[in-house]
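The values are calculated or read from the model by the stated rules, or taken from the named source; none is laboratory data. The model shown is predicted, which means the values in this text are computed figures rather than measured ones. Note that we place each Cβ from the backbone using ideal geometry, even for glycine, and neighbour counts take in every protein chain shown.
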Amino acid sequence: MGTVDELLANNTRYAATFDKGALRAPPRRKVAVLACMDARLDPARALGLEEGDAHVVRNAGGVATDDAIRSLVISQHLLGTEEVVLVHHTDCGMETFTDDELGQRLEAATGARPGFSFEAFANAEDDLVQTAARLRASPFLAHKQFRAFLYEVETGRLREVPLP
């Protein structure tokens, strides 16, 4: 049995006890989380969230890309979230390359460079501050209450990063 088959078997067990009446579309806690996609970080578990509590938006680095902002705009304007939690982490792969290096690598492998930025960064803590600044600068976000945290993959702890 392959990995996807195992995941489908897990879903069958999950669906057997699923209570659709217990959930509604707007998140109960009126919070959205923007976090890195790293497999060592499970934002729901790290924050003690249950299904229906929050919107969780994930991408490489937890960066405030146009698509992440798009999701947060929908979360706030259509589904009532009022706060955003930003989560980067220690030992992040986004600190191990530059956009130019990866662009060159892809060009060598495929003959083309992508039209988007990878948003690599040298320091996760500094990038949290930059991510919050990008979100604050967006005229489309209704609520500018952001808290930023660095998840320590070594301990499982969240350490708050002060935002200016």
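Below, the figures for the structure above:
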quantity: The range 126-142 residues that are more than 20 Å from Cys92 (Cα to Cα), paired with ones that are loosely packed, with under 14 Cβ neighbours inside 10 Å and of a type in the set (Phe, Trp, Tyr) (beta carbon under 9 Å, 6 or more apart); calculated: none
quantity: Close pairs from the range 75-90: first closer than 16 Å to Arg134 by Cβ, partner of a type in the set (Asp, Glu) and at pLDDT 95 or above, Cβ under 7 Å, at least 6 apart; calculated: His88/Asp127
quantity: All strands (runs of 3 or more DSSP E) inside the range 65-164 with 1 or more residues being touching a Phe, Trp or Tyr at 6+ places or on another chain (Cβ under 6 Å) and closer than 19 Å to Val31 by Cβ; calculated: 83-89, 158-161
quantity: Residue match in the range 7-28 (condition: in contact (Cβ under 8 Å) with a residue 24 or more places away in the chain, over 12 Å from the mean Cα position of the chain (by Cα), in a helix (DSSP H, G or I) and exposed (fewer than 13 other Cβ atoms within 10 Å of the Cβ)); calculated: yes
quantity: Those residues of the range 29-57 which are of a type outside the set (A, V, I, L, M, F, W, C), touching a residue at least 40 places away in the same chain (Cβ under 8 Å) and touching an Asp or Glu at 6+ places or on another chain (Cβ under 6 Å), in sequence order; calculated: Lys30
quantity: Filter result for the condition that a residue is more than 18 Å from Arg40 (Cβ to Cβ), at pLDDT 95 or above and surrounded by 14 or more Cβ atoms within 10 Å (Cβ to Cβ), over Leu128, Leu135; calculated: Leu135
